[in-house]
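The values are calculated or read from the model by the stated rules, or taken from the named source; none is laboratory data. Since we're looking at a predicted model, the values are computed, not measured. All Cβ positions, glycine included, derive from the backbone under ideal geometry; neighbour counts span all protein chains shown. Note: areas computed on protein heavy atoms with side chains; ligands, DNA, RNA excluded. Shrake-Rupley method; radii C 1.70, N 1.55, O 1.52, S 1.80 Å.
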Amino acid sequence: MANLALRLPENVPGDFFVDSTCIDCDACRQIAPETFSESGDVSIVHQQPDSEAQIKRALMALVACPTASIGTVEHHDAHIGIDAFPSRVADNIYFCGFTSESSFGAWSYLIVRPDSEGGNVLIDSPRFATQLVKRIEAMGGVRTMFLTHRDDIADHERFFERFDCKRVMHADDGAERLGIENVLRGDEPVQLDNDLIAIPVPGHTRGHAVLLYRNKFLFTGDHLAWSPNRKTLIAFRNACWYSWEAQTRSMAKLRNYDFEWVLPGHGRIHHDSSPNMRTHLERCIEWMKTR
């Protein structure tokens, strides 16, 4: 829980607040935009929640915060936020919440599938929180864990030990050193099963990969996200740790695939028709070439 003594002065007066330990990961602003907004390089409470629905979303943001930087003056039932995760995004896709500071608050996702379709898939690693683990277990556990890149692996070992799942990661991001069971190599896409395609997209890191599910959901790690300001798909020029040129080439590879959802580790989720997504992707590629 946040420290009231460290409450940021930019917060509006009232119950919910953000303290100075905030790392500006953006999770709270995505989960509860009615309550949280950006101020410089931190999040703040710009409006106190005033309905049950808004309080629930604010408590979900509190639970998801990787640095426990969100607090309340009044007492609330924490399970209102805790029990909301994993939170359904669409169809059988869930946001896990419980982001990890070691992944700078990156989002992780759960695909819920029957065993006959390959079982559940965890994309990147959330915090290994007991309440979340129990909920995932009740939803069928984890059969496969797909790690997009080295930045967002968080508590992957603990999830592996708990669920005895098969982890998938690219060799160029240190997969063998981490003891990963299914090591991707090279730049060619890999069909993991009938519905899952792993696509290596070096750039943000040397071994970054994205995961395409049913030609509809693209889990993009730190490769591609939606910009609400520019109203199009973007890449993060200032957070490219390996090669912007390689990332630009990698982005062009995604022209070969159809998808309707972009679900990033950092940045905003976006849903649109496949043709519109293709238009946004082309716009992103052309923008990247000028940077």
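Things worth noting here:
One line per residue, one yes/no per condition, for (1) among the acidic types (Asp, Glu); (2) on the phi > 0 side of the Ramachandran plot; (3) in contact with a Gly (Cβ under 6 Å, 6 or more places away or on another chain):
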| position | (1), (2), (3) |
| --- | --- |
| 12 | no, no, no |
| 16 | no, no, no |
| 22 | no, no, no |
| 46 | no, no, no |
| 50 | yes, no, no |
| 76 | no, no, no |
| 98 | no, yes, no |
| 101 | yes, no, no |
| 121 | no, no, no |
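- Pairing each residue of the range 181-193 that is touching a residue at least 12 places away in the same chain (Cβ under 8 Å) with any residue that is outside any strand (DSSP E or B) and surrounded by fewer than 13 Cβ atoms within 10 Å (Cβ to Cβ), provided the two are 6+ apart or on different chains, yields C-beta distances under 7 Å for 183/176.
- Residues of the range 193-204 classified as within 16 Å of residue 261 (Cα to Cα) and part of a loop (DSSP other than H, G, I, E, B), total: 1
- Against the conditions (1) open to solvent by 40 Å² or more (accessible area, probe 1.4 Å); (2) within 23 Å of residue 118 (Cβ to Cβ), residue 259 satisfies every one except (1).
- Filtering the range 5-47 to residues that are among the polar types (S, T, N, Q), in contact (Cβ under 8 Å) with a residue 12 or more places away in the chain and either within 20 Å of residue 267 (Cα to Cα) or open to solvent by 40 Å² or more (accessible area, probe 1.4 Å) (or both) leaves 20, 21, 30, 35, 39, 43, 47.
- Strands (runs of 3 or more DSSP E) within the range 71-188 that include 2 or more residues under 21 Å from residue 201 (Cβ atoms) and open to solvent by less than 10 Å² (accessible area, probe 1.4 Å): 109-111, 121-123, 144-146, 166-170
- Residue 243 surrounded by fewer than 22 Cβ atoms within 10 Å (Cβ to Cβ), under 18 Å from residue 150 (Cβ atoms) and hydroxyl-bearing (Ser, Thr, Tyr): yes
- Residues that are of a type in the set (Gly, Ala, Ser), over 15 Å from residue 124 (Cβ atoms) and within 20 Å of the chain's Cα centre (by Cα) do occur in the range 212-232.
- Selection count, the range 53-91, where residues are closer than 18 Å to residue 2 by Cβ, touching a Ser or Thr at 6+ places or on another chain (Cβ under 9 Å) and of a type in the set (S, T, N, Q): 2
- Scanning the range 84-98 for residues that are farther than 13 Å from residue 130 by Cβ and out of contact with any strand residue (DSSP E or B) (no Cβ under 9 Å at 6 or more places or on another chain) yields a count of 1.
So that you can scan it fast, the table gives a plain yes or no per residue for (1) of a type in the set (Val, Ile, Thr); (2) surrounded by fewer than 19 Cβ atoms within 10 Å (Cβ to Cβ); (3) closer than 24 Å to residue 102 by Cα:
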residue: 208; (1), (2), (3): no, no, yes
residue: 233; (1), (2), (3): no, no, no
residue: 251; (1), (2), (3): no, no, no
residue: 263; (1), (2), (3): no, no, yes
residue: 271; (1), (2), (3): no, yes, no
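- Every residue from the range 58-69 that is touching a helix residue (DSSP H, G or I) at 6+ places or on another chain (Cβ under 6 Å) and not in a loop (DSSP other than H, G, I, E, B): 59, 60, 61, 62, 63, 64
- Selection of strands (runs of 3 or more DSSP E) fully inside the range 205-291 by the criterion of at least 2 residues being in contact with a Lys or Arg (Cβ under 9 Å, 6 or more places away or on another chain) returns 225-227, 232-234, 261-264.
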